[in-house]
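Asker: Pasting a structure below so you can have a look.
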Amino acid sequence: MKKLYFIFLLLFSFVTTVLFTAEIVPIPSEVQVDDKKVALGKKLFFDKILSKDKTLSCASCHNLQHNGADTTQYTKGIEGKVGLFNVPTVYNAVYNFRQFWDGRAKNLKEQALNPITNPVEMGNSLPVVLHDLKESSIYPRLFNAIYDDGITQSNLADVLAEYEKTLITPNSPFDLYLKGDLNALNAKELEGYRLFKTKGCISCHNGVNIGGNLYNKFGIFKDAKSRELGRYNTTHKEQDKYVFKVPSLRNIALTAPYMHDGRAETLKEAVNIMSQYQLGRPMQKDELDSIVLFLETLTGEFPKSVRDMNVSD
């Protein structure tokens, strides 16, 4: 039985190496957006008017000057309420095939209003949000300049999503390597990339976002003991228990802690967990170190609008 298992692993490694070697592509240098919508969406992203008690903005949980996410296992919402998931980064979210860990939103526009109405995040209601925006001294004019129907639920989601589209991080060292700069990665980082492919990591982490394009069960070879049920909460299908969206690995060196529940404090710990629970093949220390070195090359450039941003913005 053990012999058959190892033969399977060897075949798996060969197939994933062949099929997925060219399946990671660079992030485009820019994305097409409506500049007026982006400007309004950015203003709202940083405005605490969207939260029930006016203490939180989208940027409160998505720190754009650090990692587009948070640095704690579970972020606190209004009144100190604690969320159920580790906050995913908003950077490059436009390239995810679904939004949220459980994939309950199909795109950025569908995602945008969820945190506003989530009782443990911003805790507001859409009628109240729309009322507050209409009563403000600035937002009616700004919305009316873009939309014939002014401030509506759909238009609010639209401008927030349009701004989030701009939050991409191209030109990581690995992107430069994929574009033809063979000196962008050193020998140790290239060894990490080789192991990333041959160990099977690339079977789930591929595409433009190096993940974010499929679901997978957390705990394939070992029981991961997750308190969250993932897709099951949306579909109520038994086979969807502990199934989550595979996260993007872009900027992964900046987004600790890791996993949907923030159980891994370091990147090396996260890779070690994945090697055992998802691949069923524990790695040696030098292999873990090499893969971590490769993952650190996935950190891209923050948007110019963020690099030029004052802390008070």
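Asker: Under 11 Å from the Cβ of LEU279, count the other residues' Cβ atoms, weight Lys and Arg +1, Asp and Glu -1, and hand me the total.
Answerer: +3
Asker: Pick from GLN99, GLN111, GLN239 the residue whose mean-square fluctuation is largest in a GNM of the chain, springs joining Cα atoms under 10 Å.
Answerer: Among GLN99, GLN111, GLN239, the largest mean-square fluctuation in the Gaussian network model of the chain belongs to GLN239.
Asker: Let me ask another. If I model a spin label at VAL33 and ILE138 as a point 7 Å from the Cα along the Cα→Cβ vector, what separation in nanometres do I get?
Answerer: 1.7
Asker: Still on this structure, please answer the following. Report, by chain and number, residues whose modeled amide H sits under 5 Å from the one on ALA69, excluding near sequence neighbours (fewer than 5 apart, same chain).
Answerer: Sorted by chain and number, the residues that satisfy this are ASN63, VAL90.
Asker: With respect to the cross-link table entries LYS48/LYS81; LYS54/LYS165; LYS43/LYS304; LYS165/LYS304; LYS199/LYS237, which display a Cα-Cα separation exceeding 22 Å?
Answerer: As for pairs spanning more than 22 Å Cα to Cα, those are LYS54/LYS165; LYS199/LYS237.
Asker: Between THR266 and ALA187, take the C-beta separation as r, use R0 = 30 Å, and let me know the FRET efficiency to the nearest 0.05.
Answerer: Efficiency computed from Cβ-Cβ geometry: 0.80.
Asker: Please compute the Kirkwood hydrodynamic radius over region 76-128, one decimal place, Å, based on all pairs of different Cα atoms.
Answerer: Kirkwood radius, region 76-128: 11.9 Å.
Asker: With a cut-off of 8 Å between alpha carbons and a minimum separation of six or more residues, what is the relative contact order of the chain in percent?
Answerer: Once divided by the residue count of the chain, the mean separation gives 23 percent.
Asker: Quick check: pseudo-label points 7 Å beyond the Cα along Cα→Cβ at GLU110 and VAL25, how many nm apart are they?
Answerer: Result for the modelled spin labels: 2.2 nm.
Asker: For region 48-58, just list the computed ³J(HN,Hα) in residue order, Karplus coefficients 6.51, -1.76 and 1.60, θ = phi - 60°, integers in Hz, with x standing in for Gly and Pro.
Answerer: So the Karplus estimates, Gly and Pro as x, are 6, 4, 6, 8, 4, 9, 6, 10, 10, 10, 4 Hz.
Asker: Sticking with this one: Kindly write out, for region 157-165 in residue order, the coupling ³J(HN,Hα) from the Karplus curve 6.51 cos²θ - 1.76 cosθ + 1.60 (θ = phi - 60°), rounded to whole Hz, with x marking Gly and Pro.
Answerer: Those phi angles translate into 5, 5, 6, 5, 5, 5, 5, 5, 4 Hz.
Asker: Something else about it: State the antiparallel share, in %, of DSSP beta bridges confined to the chain, rounding to the nearest 5.
Answerer: That works out to approximately 90 percent antiparallel.
Asker: Full-extension gain between THR152 and ILE220, please, as 0.36 nm times their residue separation minus the C-alpha to C-alpha distance.
Answerer: Result for the pair: 20.1 nm of gain on full extension.
Asker: For region 35-165, what mean projected area does the convex hull of the alpha carbons give, in nm²?
Answerer: Over every viewing direction, the Cα hull of region 35-165 projects on average to 7.6 nm².
Asker: How many nm is it between the label spots at MET309 and THR117, if each spot is 7 Å from the Cα in line with the beta carbon?
Answerer: Taking the two extended label points, one gets 2.6 nm.
Asker: What is the dipole size for the chain, taken about its Cα centre, with +1 at each Lys and Arg Cβ and -1 at each Asp and Glu Cβ, in debye to the nearest 20?
Answerer: Taking the Cα centre of the chain as origin, the dipole is about 920 debye.
Asker: Amide H of GLY230 versus every other amide H placed in the peptide plane: which residues, excluding those fewer than 5 positions away on the same chain, fall under 5 Å?
Answerer: Correct list: TYR242.
Asker: Which of the GluC sites (Glu not before Pro) across region 208-313 are loop residues per DSSP, with 13 or fewer other Cβ within 10 Å?
Answerer: GLU265
Asker: Something else now. Which log10 I(q)/I(0) values does the chain give at q = 0.07, 0.09, 0.10, 0.14 Å⁻¹ under the Debye formula, counting every alpha carbon as one identical point scatterer?
Answerer: Each listed q maps to, in turn, -0.30, -0.49, -0.60, -1.10.
Asker: Roughly what angle does helix 285-295 make with the longest principal axis of the chain, taking Cα atoms, 0 to 90 degrees, to the nearest 10?
Answerer: On a 0 to 90 degree scale, this one is about 40.
Asker: On to the next question. What is the sum of charges around SER136, taking Lys and Arg as +1, Asp and Glu as -1, for the other residues whose C-beta is under 14 Å from the C-beta of SER136?
Answerer: +2
Asker: Now for a separate question. Among ILE24, ILE210, ILE273, rank each residue by its count of other Cβ atoms within 10 Å, from fewest to most, as a rough exposure measure.
Answerer: Exposure proxy ranking, most exposed first: ILE273, ILE24, ILE210.
Asker: Hey, can you grab everything whose amide H is under 5 Å from the amide H of ALA105? Only 5+ residues off in sequence or another chain; H modelled, so Pro and N-termini drop out.
Answerer: Hits under the 5 Å cutoff: GLN99.
Asker: Pick out, in residue order, every one of the trypsin sites (Lys or Arg not before Pro) in region 223-266 that is DSSP loop and has at most 12 other C-beta atoms within 10 Å; say none if there are none.
Answerer: Sparse-neighbourhood loop trypsin sites (Lys or Arg not before Pro): LYS225, ARG227, LYS237.
Asker: In whole Hz, with x marking every Gly and Pro, tabulate ³J(HN,Hα) for region 23-31 from phi via Karplus 6.51 cos²θ - 1.76 cosθ + 1.60, θ = phi - 60°.
Answerer: With the stated coefficients, region 23-31 comes to 8, 9, 10, x, 5, x, 6, 8, 10 Hz.
Asker: Let me check I've understood the local charge: for VAL87, count other residues with C-beta under 13 angstrom from its C-beta, Lys and Arg +1, Asp and Glu -1. What total comes out?
Answerer: -2
Asker: List THR152, THR299 from most exposed to least, where exposure is judged by having the fewest other Cβ atoms within 10 Å.
Answerer: With the sparsest Cβ surroundings first, the list reads THR152, THR299.
Every read-out reported here was derived from the displayed coordinates using simple, explicitly stated rules and does not represent laboratory data. Everything numeric here is computed off the predicted structure, so don't read it as measured data. With ideal geometry, Cβ positions are generated from the backbone for all residues, glycine too; neighbour counts draw on all protein chains shown.
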